[in-house]
Amino acid sequence: QVQLVESGGGLVQPGGSLRLSCSASGFPVEDYTIGWFLQAPGKEREWVSCVASSAGSTYYTDSVAGRFTISRNSAENTVHLQMDSLKPEDTAVYYCAALRGRSWCFDLGAPQYDYWGQGTQVTVSS
């Protein structure tokens, strides 16, 4: 079974950092595009970042570019999202998602992803 489990969320002050992890089972992450999404209460799920299958190209939405870094560890079958310089507006539940194949992922939204984790809460507050 394809499964994704997020971890690493928590409460941090503005300007702080968190490292989220997406642990995959049932498939090799290098064969799938892995995306990170956020969802604030009452709002639609928004794309944050992704790493495409194959070559592992990475992409970011403008609001996190330069602050967040997505990485893929094939040996651990895990994808990470390093979040630096966090802002209160980053507060949300963060989800990882998977979609088989795809050589790029910057134009993919939530409906295109087939598998989802349970989410991990990120709260940025002073």
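The values are calculated or read from the model by the stated rules, or taken from the named source; none is laboratory data. Note that the coordinates shown come from a computational prediction; the quantities given were computed from them, not determined experimentally. Every residue, glycine as well, gets a Cβ built from its backbone with ideal geometry; the counts of neighbours run over all protein chains shown. For the accessible areas, the whole protein counts, side chains as well, though only heavy atoms, and no ligand, DNA or RNA atoms are used. Shrake-Rupley method; radii C 1.70, N 1.55, O 1.52, S 1.80 Å.
Before moving on, here are some points about what is shown:
- Note on Glu44 and Ser71: their simple-model spin labels are 3.3 nm apart, each label 7 Å out from Cα toward Cβ.
- Computed across the chain, the Kirkwood radius stands at 14.2 Å (inverse of mean 1/r, all Cα pairs).
- Per residue value of the accessible surface for the chain (all protein chains in place, 1.4 Å probe), Å²: 49
- Of all accessible heavy-atom area on the range 30-126, the percent that carbon and sulfur account for (1.4 Å): 45
- When the Cα convex hull of the range 76-126 is projected onto planes of every orientation, the mean area is 4.9 nm².
- Computed from the C-beta positions of Thr123 and Ser57 and an R0 of 30 Å, the FRET efficiency is 0.50 to the nearest 0.05.
- GNM result for the chain, Cα springs below 10 Å: residue of Ser17, Ser103, Ser63 fluctuating most strongly: Ser63
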